[in-house]
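Written below as structure tokens is the structure these notes are about.
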Amino acid sequence: MPRRAVLITGAARGIGRAIAEDLAQDHDVAITWLTAEAEAATFAARHPGALALPFDAGTDDPAALIAAVLAHFGRLDGLVNNAGRVHPTDLAAFDPRPAAELMQVNALSPLALIAAALPHLGPGASVVNITSLNARTPPAGAIAYAASKAALEAITIGCAKALGPRGIRVNAVSPGAVERAHAPRPPDLIARFVAEAALGRLALDSEIAAATRFLLSDA
């Protein structure tokens, strides 16, 4: 049986990179990057046959990205919408433009990628959207971000209903705060997250990767 081909957006570092490293053991993996070109090149060098493509979810064409992956692997069996962006929301000086950008990057681009991939996904294919606990517990300082992730969760449910009859599964992984070596948080913020976490610690990106692997698999 041929290796399954999976596209993971925003996977040069962080959660996306952990997912890519995990899946590259036994999948053909394509990743996208926006600013972390060196990290993306390192991933491609570590995994011969892997593909690293530049992609801006705010402006670039999802159909062209899907076409590039198909040209390289000849198939597409899974899609992980991980690329995302965060902006604070200042209600006292609200500017709708950053909020619109968040909605485009965090919700509309994933939806467009699912639509572009759909003609090439067969029964047993799987889509995993990386959302956020903020979709249900929006912080006061990141209202637009939380709204964009809530929209992605609605997209997940709607697409699951639409594509389930075709044998294509659509699910979401919704992490809380995750340790991130590439962009450490202030100690006081970490302490607040830890105090609110059921296990008394931040999540690990490897744990998000394990959940994503399960949802992509036949299991």
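The values are calculated or read from the model by the stated rules, or taken from the named source; none is laboratory data. Note that this is a predicted model, so its numbers are computed, not measured. Backbone-built Cβ (ideal geometry, glycine too); neighbour counts: all protein chains shown. Accessible surface areas use protein heavy atoms only, side chains included; no ligands, DNA or RNA. Shrake-Rupley method; radii C 1.70, N 1.55, O 1.52, S 1.80 Å.
With +1 on each Lys and Arg Cβ and -1 on each Asp and Glu Cβ, and nothing else charged, work out how big the dipole of segment 1-62 is about its Cα centre, in Debye to the nearest 20.
On the way: 5 positive and 9 negative charges, 44 e Å.
Rounded to the nearest 20 debye, it is 200 debye.
Rounded, prolate or oblate: pick one for segment 102-191, where a ≥ b ≥ c are the square roots of the eigenvalues of its C-alpha gyration tensor, a/c under 1.5 means rounded, and failing that, prolate if a/b is larger than b/c, else oblate.
prolate
I'd like the distance separating the alpha-carbon centroids of segment 98-171 and segment 13-70, in whole Å.
19 Å
Which cross-chain or sequence-distant (5 or more) residues have an amide H under 5 Å from the amide H of Asn129, H modelled 1.01 Å from N in plane?
The list, which skips near neighbours in sequence, is Asn81, Asn171, Ala172, Val173.
Using a 7 Å offset from the Cα along the Cα-to-Cβ direction at both Glu37 and Arg97, what is the distance between the two label points in nm, to one decimal?
2.5 nm
With an 8 Å Cα cut-off and a minimum separation of 6 or more residues, compute the relative contact order for segment 83-169 in percent. It would help to have the intermediate numbers written out before the result.
Values: 98 pairs, mean separation 33.8, N = 87.
Computed over segment 83-169, the figure is 39 percent.
In the chain, what percent of the accessible surface is made up of carbon and sulfur (1.4 Å probe, ligands and nucleic acids excluded)?
Reported share for carbon and sulfur atoms: 61 percent.
If Rh is defined by the Kirkwood formula over all Cα pairs and Rg also comes from Cα, what ratio Rg/Rh do you get for segment 26-93?
A ratio of 1.07.
First measure r as the distance between the Cβ atoms of Ala162 and Ser206, then evaluate 1/(1 + (r/R0)^6) with R0 = 35 Å and state the FRET efficiency to the nearest 0.05.
Approximately 0.65, to the nearest 0.05.
Just subtract the alpha-carbon distance of Ala115 and Ala140 from 0.36 nm times their residue separation and send over the number in nm, one decimal. It would help to have the intermediate numbers written out before the result.
Details: separation 25, 0.36 × 25 = 9.00 nm, distance 3.24 nm.
Full extension from Ala115 to Ala140 adds 5.8 nm.
I'd like the per residue volume of the convex hull spanned by the Cα atoms of segment 63-219, given in cubic angstrom.
So the per-residue Cα hull volume is 135 Å³.
On a 0 to 90° scale, report how tilted helix 205-216 is relative to the longest principal axis of the chain, with both axes built from alpha carbons and the result rounded to the nearest 10.
Relative to the chain, helix 205-216 is tipped by roughly 40 degrees.
Find the accessible area per residue for the chain; the probe is 1.4 Å, ligands and nucleic acids are left out, and the unit is Å². Walk me through the numbers before you get to the answer.
On the way: 10550 Å² over 219 residues.
That works out to 48 Å² per residue.
Which distance in nm do the two modelled labels at Asp61 and Asp90 give, with both placed 7 Å along the Cα-to-Cβ direction?
The modelled label-to-label distance comes out at 3.7 nm.
Heavy atoms only, 1.4 Å probe, whole protein assembly: order Asp188, Asp56, Asp26 by accessible area, highest first.
Listed by decreasing accessible area, they come as Asp188, Asp26, Asp56.
Which whole-Hz couplings ³J(HN,Hα) result when phi for each residue of segment 115-123 is put into the Karplus expression 6.51 cos²θ - 1.76 cosθ + 1.60, θ = phi - 60°, listed in order with x for Gly and Pro?
Ordered by residue, 3J(HN,Hα) equals 4, 5, 7, 3, x, 10, 9, x, x Hz.
Tilt of helix 37-46 relative to the longest C-alpha principal axis of the chain, in degrees (0 to 90, nearest 10)?
Roughly 40 degrees between the two axes.
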